[in-house]
Amino acid sequence: DTGERERLIAGILDVLLELNEAQAVPILARTWPLIAKINEERRAIRYAEAIFIAGRFGRKELVPELLKLLGGALRVVESAALDRVLEHSLRALRRIGSRNEIAELLAEAERAVPSARPDALHARLAFAGGRTFLGDFARAQPIFDEARAALSDGFQEIAKILHDGSPMTPGALARPLELVRALALAYAQAPLADALGGLAELTAHFRNITDDLNTNTHYCLSVVHFVESLVLGITLNNLALGE
């Protein structure tokens, strides 16, 4: 059963992050070839996870073949998984300093990301983060602007709901919170001034974060998610080395 095989592969890849290099690398070497036996549309995310693990342990020799397989899998990837695919693989490639490989992956991703589809905005943000890392912030800027506008619209909807006392629809707050996370991670790759300015702008939306209309009983989970996103944006990658 391909579904069961994928669940097992996903579980193995997840556990490898808890092991040391001597334990993890031999298991990874036996596991990633099995990804070719799962459903086509699910292969990209598993190849991306394998690349992330290879990067975690500095195993550059595994990356070219995995990238080749990932490039083919991107053509049929589920659109909902494309942002996760890019996030995992780009983080790994940045970790091992593979700028040429990043450029090649982004070229493949650009063909795979449907620019006109609103549900692909998170994937385009991951793409924008990659272009920014390569020094092409000007090309990424329109995607940042699109995401900022969508985020503003989302929080305006939340503010209206709170003002009117209307019932909160499922996902009404989750969608802008996830967009905050995607924006923060993409800003982490921008030049320092642009990154800090963008992250500072995100903090203005904090006034619209509430758990009053949800079912949380002990924690303000939306507040935690929002603040965690900003912390990740500030501490990941380039910004961790700056101010």
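The values are calculated or read from the model by the stated rules, or taken from the named source; none is laboratory data. All values reported here derive from a predicted model rather than from experimental measurement. Quick reminder, even Gly has a Cβ in these numbers, built from the backbone with ideal geometry, and neighbours come from all protein chains shown. Just so you know, the surface numbers come from the protein's heavy atoms only, side chains and all, with ligands and any DNA or RNA stripped out. Shrake-Rupley method; radii C 1.70, N 1.55, O 1.52, S 1.80 Å.
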| task | Scan region 1-26 and report the pairs whose first residue is farther than 17 Å from residue 59 by Cα and open to solvent by 30 Å² or more (accessible area, probe 1.4 Å) and whose second residue is at pLDDT below 95 and not in a helix (DSSP H, G or I), with Cβ atoms within less than 9 Å and a gap of 6+ or a chain change. | result | 2/38; 2/39; 5/38
| request: Return the total of residues in region 160-184 being open to solvent by less than 40 Å² (accessible area, probe 1.4 Å) and in contact (Cβ under 8 Å) with a residue 12 or more places away in the chain. | output: 11
| task | Could you run through region 27-47 and say how many residues are surrounded by fewer than 18 Cβ atoms within 10 Å (Cβ to Cβ) and either at positive phi or not in a helix (DSSP H, G or I) (or both)? | result | 1
| task | Being more than 20 Å from residue 144 (Cβ to Cβ) and modelled with pLDDT of 80 or more is the filter; apply it to region 86-104 and report the residue that is surrounded by the fewest Cβ atoms within 10 Å (Cβ to Cβ). | result | 100
